[in-house]
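Notes for the one structure printed next.
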Amino acid sequence: MNTYIWLISFLAIAGVIIRPFKTPEVLWALAGAVLLLLFGLIAPRDAAVGVGKGLDVYLFLTGMMLLAETAREEKLFDWLAAHATRMAKGSPKRLFFLIYLVGVVVTTFLSNDATAVVLTPAVAAAVKAAKVEKPLPYLFICAFIANAASFVLPISNPANLVIYGKHMPSLLTWMSHYLIPSVVSIVVTYLILFTTQRRDIEGKVATDVTLPELSAGGKTALIGIGVTAIVLLISSALDIELGLPTAVTGILTSIIVIIRARKNPMIVIKGVSWAVLPLVAGLFVIVEALNHTGITQKLAQLLQHHAAQDPTATAWGSGIVTAFACNLMNNLPAGLIAGNVVQGGHVPELVKSATLIGIDLGPNLSMTGSLATILWLVALRREGQEVSAWQFLKVGAVVMTVTLLFVLASLWIL
């Protein structure tokens, strides 16, 4: 029975990652979940429990996607793009740095998924306005910084909440553990990404960019994004799950903008990539089935045993193994499994930190390593851009592996 669960799960996750014949990722995740149910490998009640575990993620994504689509519809991204292009003053290197800096801020205060959903259309608009010949290096920033800056704060990545569960440290304790590793991750990722892309960002960018007037709806959307960031920080400080506050602020912002602009709400609703939600739900069902194979308990025992003997080697091993595991099965299922393992194994904080860094940073290796990168791909397709797995892997192999080693080493600074 366990063999069939692993086989179906492997094929489903492989389909999500590889997308044979360019089929949507959601079809493979749902197909895997349905097959597990049809063959009786997971009970309907357990499948429902798995789907229910993702409620906070669904709410979070709903709020962010509505917020992004509303801002996109009101041309907020075009307005931001024009300002960024003007600030670059004709320098592609300055434009590259500005986009990276904005990516750090968005990821830190709005989460890595928000960077993929909100920032990618803005960058696509910016490089179009700047008449950049090769836009891909600038678009790569949205994917790589979404993971590299995703452990600055607890809210920077929903996976952080999964790893710690109900034992989330206070904000000050979090900063004491992750501030230095986050700085190292952001700086090293930038240096490597810039070095690998420098040949494609030569030349000039346009300076004669017309600054469009921001509509009332665009201003409301901008305020909504700012309010969402504040609400997420407050929610994190008060140990409140982030999904509902994000959904509320996103929905309210969309409603206010639609009413003020007197637009048909279906324009915004149709523009949202709703397929992401069943994709996540399918992955939650698959992980629930894998948990029933006893893998979580076995890994927890193994981790606890090695951590008791050599915590330093275990920290390095757990960080590296989880980083590469994310690229084999996506960091959402990997994070769910890792979260259950570290919480069940009662491991030292050092090992838990290394595991979280592996889950957050590891997906920079491949373009389907994290939900944020999948959202980035969806956003790229909407902008008419295509990135192959090989294009991403050539850059990610250097960016992720080198950065991961530096970040893991930085855990011993304090």
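Criterion applied to Val102, Val57, Val106 was being under 17 Å from the mean Cα position of the chain (by Cα), crowded, with 24+ Cβ neighbours inside 10 Å, among the β-branched types (Val, Ile, Thr) and farther than 30 Å from Arg262 by Cβ, and the one residue passing it is Val57. The residue list Leu95, Leu35 contains one member that is more than 16 Å from the chain's Cα centre (by Cα), of a type outside the set (Asp, Glu) and surrounded by fewer than 21 Cβ atoms within 10 Å (Cβ to Cβ), which is Leu35.
When region 238-258 is examined, which residues are found to be among the hydrophobic types (A, V, I, L, M, F, W, C) and in contact with a Pro (Cβ under 9 Å, 6 or more places away or on another chain)? Quick ask: steps written out before the conclusion?
The first filter runs over region 238-258 and keeps only residues among the hydrophobic types (A, V, I, L, M, F, W, C), leaving 238, 240, 242, 244, 247-248, 251-252, 255-258.
Within region 238-258, Leu242, Ile255, Ile258 qualify.
Applying a threshold of 6 Å to beta carbon distances and a minimum spacing of six or more residues, or different chains, the list of pairs starting in region 5-29 at a residue that is touching a residue at least 24 places away in the same chain (Cβ under 8 Å) and crowded, with 18+ Cβ neighbours inside 10 Å and ending at one that is hydrophobic (A, V, I, L, M, F, W, C) and outside any helix (DSSP H, G or I) reads Ile5/Leu41; Val26/Ala275. Within region 21-39, if we keep just the residues that are β-branched (Val, Ile, Thr) and part of a helix (DSSP H, G or I), the residue that is nearest to Gly50 (Cα to Cα) turns out to be Val34. Filtering Gln297, Gln301 for residues that are under 22 Å from Ala47 (Cβ atoms) and either in contact with a Lys or Arg (Cβ under 9 Å, 6 or more places away or on another chain) or in a helix (DSSP H, G or I) (or both) leaves a single hit, Gln297. The single condition from (1) assigned to a helix (DSSP H, G or I); (2) buried (at least 18 other Cβ atoms within 10 Å of the Cβ); (3) modelled with pLDDT under 85; (4) out of contact with any Lys or Arg (no Cβ under 7 Å at 6 or more places or on another chain) that Gly344 fails is (2). Only residues that are free of Cβ contacts under 8 Å to residues at least 24 places away in the same chain and either exposed (fewer than 15 other Cβ atoms within 10 Å of the Cβ) or small (Gly, Ala, Ser) (or both) were counted in region 363-404, giving 6. Looking for something at pLDDT below 90, within 19 Å of Val132 (Cα to Cα), buried (at least 21 other Cβ atoms within 10 Å of the Cβ) and touching a Phe, Trp or Tyr at 6+ places or on another chain (Cβ under 9 Å) - is there at least one such residue anywhere in region 69-80? No, that holds for no residue.
The values are calculated or read from the model by the stated rules, or taken from the named source; none is laboratory data. Not measured: the values here are computed from a predicted model. Please note: Cβ atoms are built from the backbone with ideal geometry, for glycine as well, and neighbour counts cover all protein chains shown.
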